[in-house]
Structure formats: structure tokens, C-alpha cells
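S.K.: Below is the structure I would like to discuss, written out as C-alpha cells.
The values are calculated or read from the model by the stated rules, or taken from the named source; none is laboratory data. Quick caveat, the model's predicted, so the values are computed rather than measured. Reconstructed Cβ throughout: ideal geometry from the backbone, glycine too, with neighbour counts over all protein chains shown.
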Amino acid sequence: MAEESGFFTGVAGDRKYTAQFINEKLYEAMQRADGILANSDEAFMVTSDGSLTVTVGTGVAMKGGIFYRNTAPLAFSLDTPTLGMKRFDRIAIRIDRYRRTMMTTVLKGEEAGEPVAPAYVSDDDIAVEKILIDHSVGPVIVTLTDERQMRPVFITNNNSIDTLAEGQTYGRLLKAKADALNAGQAGISFRHFAYTAKAWPENDYIACTHFVASSNLWLIGSGRTNKIAKSYNSGISWEELAGLDVEYIESITNSGNTLLAAGGMPPRIYRSYNSGLTWTLLFEFVSGEIVKVIKALDSLNFLAVCDNKIYASSDAGVSWTLRGTITGDSQIVSLESLGGGVLLANGYATGILWRSTDNGATWTMVKNPNAVESKAQIMKHLGDGIVLVGLDLNGMLLRSTDYGLTWDTGTILENNESYCGIIIDGEKVYIGAGKSIYMSADKGMTWSLSTSLASSTNIESLVKDKNNIFCTLDETACIFWGYPIEA
């Protein structure tokens, strides 16, 4: 049947609708938006007084067209693990299709010295909270980790009706803008930076990110562990990668099918040819603490920074030779190639900008912003010799028009916030600063506020995928998608 419609009042029983039919149509009408409604009641916030009783707040959720509402807080008593053991439990809003119910429930894990959290059922569960119950020694310690899956913001023709931060982010939208925002792919509507997913259940420290726009491959490295999270769909779903024997992941880059990742303690470089599924140790530096930067120049030539030393590889990372040393700094944290052998670098201990014209063999100081213990979170060549550098300590954004030889006095976009990424979109340049995105139409000379993500914490990464969707990753590993509509 080519056409469907409903729901209509029956006459003599001629209009009958099954629950499945109603669920399917509601699911489509709500733009396949599963999860917890962020601004409804307490949004199922889980709290604990430190005992084995946790309380789940009130809220509203939907999954697959099935509606659930909890109008009074729910208390759950957790079991005590055996002395010397730990256990992960999880709280989920679960659909029980046999009993035809949707309820908040506790998923109990198995006791172990190093326990594993019980898995969610993707078709039936909405994630709420992960709970670590530690009875290793002495009193039981309960630790909560927020895992709530928030439903993407729903936008009507006229306005936003369930915003993540009412009156701060979205406000009213014209119909033309709403129509543009609602155009998307894969059954998910892209809106004005709506919550999409969470890369890690834990609020882990994000040390580095790398995005391959041609394939929507997003890789995120942890600064506290050797974890890498990978997404093939611009952040909708994630999987964790293993196989890198370092304590910290600090840099990821690629050229074609060659993917390199590096970290420290010990300082090592790994390579993958299958998007991170397996890794091969290529190189371990005999001295130094950590590899902070890897830079791909082309398919064979790469640069790496270990402490204040610049190393070069001409065989896709298999072997490395010392190219040069920046003696005025102890830790180089940023590196950018401007082409023609011109490189820029930034030192964390001094905040100084360094410049090389011989591919990193020798270096000259070109700017001292007097920002000790400040690092350049972004360092981007916009083309034609125009370079932007954003420092994290004082929120200073520096600009050069002569390939980094001279610099302006700098500007601050938003309350001394740090910077996270730059997107070149035609004639416009976008930059992430704190919780906001700014736009420049004159290659960084002047800036105006484009979007304020009031529902996000500070942005850690700003990228644009092959479908021209702007994607942000905040410091708690939450992903937001949208289009940058000027305020």
C-alpha cells in the first residue's frame, strides 16, 4: 500500500489500530527521537546519600514510540558485595515486551576484583546510571556515573518546545530555519546543536581527537588511560579500541589508510591499517617522557614531537630520526605545517611560539605571549599565510598574516575561555571558544557570536562531517550536532 493515514474515529468498528501500528507512527512523528526528555521534571537524575539506597528522580522517556513517565521518586536498595569484592550495577528504563510494561529497573552485575558492568539491551533499554559498589576493604563505597541517554531536541515549525536549556540556547525559530534544521539523514533530524550521544560512559579526560571527514570517522584519545573511542557515524555510536601499551593517548593522525597514535610512559608510536581495530608498535623513543604531537605531511612523511625534540619519518612511521631540538622549551605541545618547510610550534612551559623554515631542523622564537604553562589548543593555517593560534590559559587568540613571522597583540572572544577547533566553511571561519561558537567572515580579523551551547560544558572538539553537519564534543564526552545559525 502506497499511502497510510490515521488515527480516525471508528464507525461500526471499521477503524482498528494495533499497538504496534501506533508505536511505529508515533516513533516516526517524533522523528525517531529515543531517550529521556531533558527538561521534564527531574529527568531521572539518580542520587545517593552514600548508603546502598539510590533514588531515581521523576521524568519522562520514550523509546520506539513507547511512552514512560515516573511521577514520584523511586528508591532502590542495592545488594552488598562480599567483603574484598566489587560490583557494577546499572539503572535502566527497560521495556518488558512479555509483560507489556516499561519500568525503571536495576541491572545487577557480577562480583569480582575488577568487575564488568552488565550490558544494556539496545532495543529495550534507555541508559540511566552506572553504579560501582566497592567492598574491597572496610565500609562499602558507592560511586555514581551518569549515563542518561537524552532525547534529541524536537523542533516544530514555529519554535523549540523541549529545549535542553529553556530560553538560553534555542528560543523561537522561524519556519524556514526549522525546515532546514529538520532535514537530516539516517532517520535522525539534525537541529540547532541537539544532544546526540556520549562517547564514554565515564566523564573521562579527553586528551586528543582526530576526525576524518571523508568517512565520518571520529577517534578520541583518553589522557588518563590508554583508551581510544571510535565512531563511524560522526558520534552517534561508539566502540572502544584496545592494543596500545602506553599509559596515556596524546595524539592521533592519519594519511589515507595509515593511522598513527602515540602517547607516553613509555613514549611510543603505533600504526593501524584497519581504522584502529588492531595496532602495531612502530617505534619507542629511548629518551623522553611522552609523544605529544604526530603530524602527517603526506602519505609517507610524518613529524612527531617527544618533549622538545622533533622527529621525522619518511616511511609512514616505521623508522624515525631526530630532526631538531627546541632548546628554549622543555615540552612542545602543538605543531602546525604551513607548507614549504615552514613549521610553527608552541611550548607549554613558556607559551612561546617557535618557527622553523627548514622542516624543523632549526627554530626561532617569533612570539612570547607571556603565558607560562599555557598551551596552544588550536594552531591552524587558514591559507595565504594567515595563521590563528588559540591559547588556553588566558583565552588569547593570536593572528599572523605572514606565515607566522609576525603576530598581532591578540584578542579574547569569551571570558578568558579556551579554544577547541576551527572549521573553514567556504568564506566563513568558525571557532569553538568555551561553550560557544564564533564566526569570522574576514579570515579571523573580526568575530561574532554564532551559537551558544548553554546545555554543553566547554567544547573540546569542533568538526564538520561529509554531510556538512557541525559536530561538537564537550569535556564530558557528550556529542552535539547542529547547524551554526547566527544569533
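S.K.: With 62, 85 as the choices, which residue is more than 23 Å from residue 35 (Cβ to Cβ) and not basic (Lys, Arg)?
M.R.: Residue meeting the stated conditions: 85.
S.K.: Given the conditions (1) over 19 Å from the mean Cα position of the chain (by Cα); (2) closer than 30 Å to residue 425 by Cβ, which single one is not true for residue 270?
M.R.: (2)
S.K.: Moving on to the next point. Which of the residues spanning region 89-124 are of a type outside the set (Lys, Arg), closer than 19 Å to residue 64 by Cβ, assigned to a loop (DSSP other than H, G, I, E, B) and touching a residue at least 24 places away in the same chain (Cβ under 8 Å)?
M.R.: Within region 89-124, 120, 121, 123, 124 meet the criteria.
Residue-by-condition table, conditions (1) at pLDDT below 85; (2) among the hydrophobic types (A, V, I, L, M, F, W, C); (3) in a strand (DSSP E or B):
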| position | (1), (2), (3) |
| --- | --- |
| 414 | yes, no, no |
| 423 | no, yes, yes |
| 431 | no, yes, yes |
| 454 | yes, yes, no |
| 463 | no, yes, yes |
| 472 | no, no, yes |
| 485 | yes, yes, no |
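S.K.: Same structure again: Would you tally the residues in region 135-158 being more than 20 Å from residue 45 (Cα to Cα), modelled with pLDDT under 90 and not aliphatic (A, V, I, L, M)?
M.R.: Final tally of qualifying residues: 7.
S.K.: Next question, about the same structure. Out of region 384-432, which residues are over 19 Å from residue 473 (Cβ atoms) and exposed (fewer than 15 other Cβ atoms within 10 Å of the Cβ)?
M.R.: The answer is 384, 402, 406, 408, 409, 411, 412, 415, 416, 426, 427.
S.K.: Moving to a separate point now. Filter region 239-255 down to the residues that are surrounded by fewer than 20 Cβ atoms within 10 Å (Cβ to Cβ) and touching a Ser or Thr at 6+ places or on another chain (Cβ under 7 Å), then identify the one that is farthest from residue 290 (Cα to Cα).
M.R.: It comes out as 255.
S.K.: On to the next question. From the set of residues in region 367-383 that are outside any loop (DSSP other than H, G, I, E, B) and touching a strand residue (DSSP E or B) at 6+ places or on another chain (Cβ under 7 Å), which is surrounded by the fewest Cβ atoms within 10 Å (Cβ to Cβ)?
M.R.: The residue in question is 382.
S.K.: Which residue out of 294, 220, 236, 252 is among the β-branched types (Val, Ile, Thr) and not in a strand (DSSP E or B)?
M.R.: 236
S.K.: Also, I was wondering about something else. With the requirement that a residue be in contact with a Cys (Cβ under 8 Å, 6 or more places away or on another chain) and either surrounded by fewer than 23 Cβ atoms within 10 Å (Cβ to Cβ) or among the aromatic types (Phe, Trp, Tyr) (or both), what does region 433-460 give you?
M.R.: 457, 458
S.K.: Tell me, yes or no, whether region 317-326 has at least one residue that is of a type in the set (Ser, Thr, Tyr), touching a strand residue (DSSP E or B) at 6+ places or on another chain (Cβ under 9 Å) and more than 28 Å from residue 230 (Cα to Cα).
M.R.: Checking region 317-326: at least one residue is of a type in the set (Ser, Thr, Tyr), touching a strand residue (DSSP E or B) at 6+ places or on another chain (Cβ under 9 Å) and more than 28 Å from residue 230 (Cα to Cα).
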